[in-house]
Amino acid sequence: MRRVRTVGARLPGWLSGRLGVRGPAPLEDEAGHRHATWLELFLDIIFVYALAAVVARLGTDSTPSVGGILAVSGLFVVVQWAWMGQVYYDTRFDPDDLPHRLLVLVALVGAGAMTLGVDEVPESALLPVGYLIVRGVLLLLYLRARPASPIARTVISVYLVGFGLGWLIWLVSLAVPIALRPALWVVAMAIELATPWVGRRRLEQWPVDNRHLPERIGQFTIIVLGSALANLLFAVPDHPRPHMILTAGLAFVVPAAVWWVYTTFVTTNLSTTRLRAGQAYTYLHIPLSGALLLLGWSLGQAVRLVDSGASRLPLELRLLLAASVVVWVLCGLGLFTLATRPSASRLAITAYAVISVSLIGATVREARLLLLLLLAPAIVGYAVLLNRRLTAVREEWDRQTEG
């Protein structure tokens, strides 16, 4: 699908040349498939720090409270949603001129403010101000692209109404008492998250790019997984003893298996045929990515407890670790369901992972290697079984296509 170029007069060649900001053309492979531009990748950098700031709110207490987990989860949704807004714009429009680049740089400033404000929410106004900047830039980009075509006006009107209302509520939150701000943010996010579903019939008139969107969502997922690995690595002491090296190695097996499964799913392109406006695919990645972020923190805490010589792993930590894996597994099943109806074997693989991980998390209390010795093989087994199933489904699709 060809994207529409944003309207507006081009800068004269001499001016753009002098400024050194000539807009980049979309990166395409030999088949003409759209890839992420350098500007899009630059945007990702600031969100790496935003994710680190979000998970840092959990601190080093190995017994996280429900309120703390919910707060971190909510902040993660805000950060990921701010990033996704730009992705959806880029997947439909061609960001190749000076005004677009300047506006995205302004959005980067807003993302930086969000990153700085995460630690002091809700007292600090940096988070809402940063979010207002990021989403305000998005609304300006949509207003600028609206005259591009009749179908562009149809699609953009959905975003302008829903996202505009959410933006106004975020703005109002700056004027209310601090204690009321989170409630308004929840209302604003609910409206924004509901907007693509309410307007899905209009949005489906212009399907998203079925290569660009999965690639960008996949890149964000890998960023989250990298943040999870960072939490694990930071938990390892500077001069680890042999048992700590083994502990860290077993913990590393878990995100490595997650990476293996996810990249297999993405490279098989099983979900690209039913993307349409992309809501289901994108929304499933929100809890999936949030689970990976909490998984990395949980593994890091488990490694720290082993290093400290603790006798037991807190129940809260074990439940969070198991829940993170279970949410990831169930979201994976949901993504698979977008491509084809799950077979009995696919459901059995999911049940095996959910039951085994839940039992391990609920029963293994020793703060030694036992939990990781059981958890790592269980997840590797799930990864092996699922990879074989994904490959078989892809081969079956290929045979049907050739036939």
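The values are calculated or read from the model by the stated rules, or taken from the named source; none is laboratory data. Quick caveat, the model's predicted, so the values are computed rather than measured. Note that each Cβ is placed from the backbone with ideal geometry, even for glycine, and that neighbours are counted across all protein chains shown.
Annotations
- Candidates LEU250, LEU321 - the one that is buried (at least 22 other Cβ atoms within 10 Å of the Cβ) and either assigned to a helix (DSSP H, G or I) or in the same structural domain as ARG394 (by TED's automatic domain parsing) (or both): LEU321
- The residue that is surrounded by the most Cβ atoms within 10 Å (Cβ to Cβ), counting only those in region 336-352 that are touching a residue at least 40 places away in the same chain (Cβ under 8 Å) and part of a helix (DSSP H, G or I), is ILE349.
- Yes/no for LEU284 being in contact with a Gly (Cβ under 6 Å, 6 or more places away or on another chain) and either among the small types (Gly, Ala, Ser) or surrounded by 20 or more Cβ atoms within 10 Å (Cβ to Cβ) (or both): yes
- Apart from one condition, GLY68 fits all of (1) over 18 Å from the mean Cα position of the chain (by Cα); (2) loosely packed, with under 14 Cβ neighbours inside 10 Å; the exception is (2).
- Scanning region 259-281 for residues that are out of contact with any Ser or Thr (no Cβ under 9 Å at 6 or more places or on another chain) and among the β-branched types (Val, Ile, Thr), we see that the one that is surrounded by the most Cβ atoms within 10 Å (Cβ to Cβ) is VAL261.
- Test: residue in region 294-301 that is buried (at least 17 other Cβ atoms within 10 Å of the Cβ), small (Gly, Ala, Ser) and in contact with a Gly (Cβ under 8 Å, 6 or more places away or on another chain): no
- Given (1) in contact with a Lys or Arg (Cβ under 7 Å, 6 or more places away or on another chain); (2) surrounded by 15 or more Cβ atoms within 10 Å (Cβ to Cβ), index of the condition ARG153 fails: (2)
- Filtered residue count, region 236-281, keeping only those that are within 26 Å of the chain's Cα centre (by Cα), of a type outside the set (S, T, N, Q) and under 20 Å from GLY381 (Cα atoms): 17
- For region 358-389, the set of residues classified as of a type in the set (A, V, I, L, M, F, W, C), touching a Leu at 6+ places or on another chain (Cβ under 7 Å) and either surrounded by 17 or more Cβ atoms within 10 Å (Cβ to Cβ) or assigned to a helix (DSSP H, G or I) (or both) consists of ILE360, VAL364, ALA367, LEU371, LEU372, LEU373, ALA376, listed by residue number.
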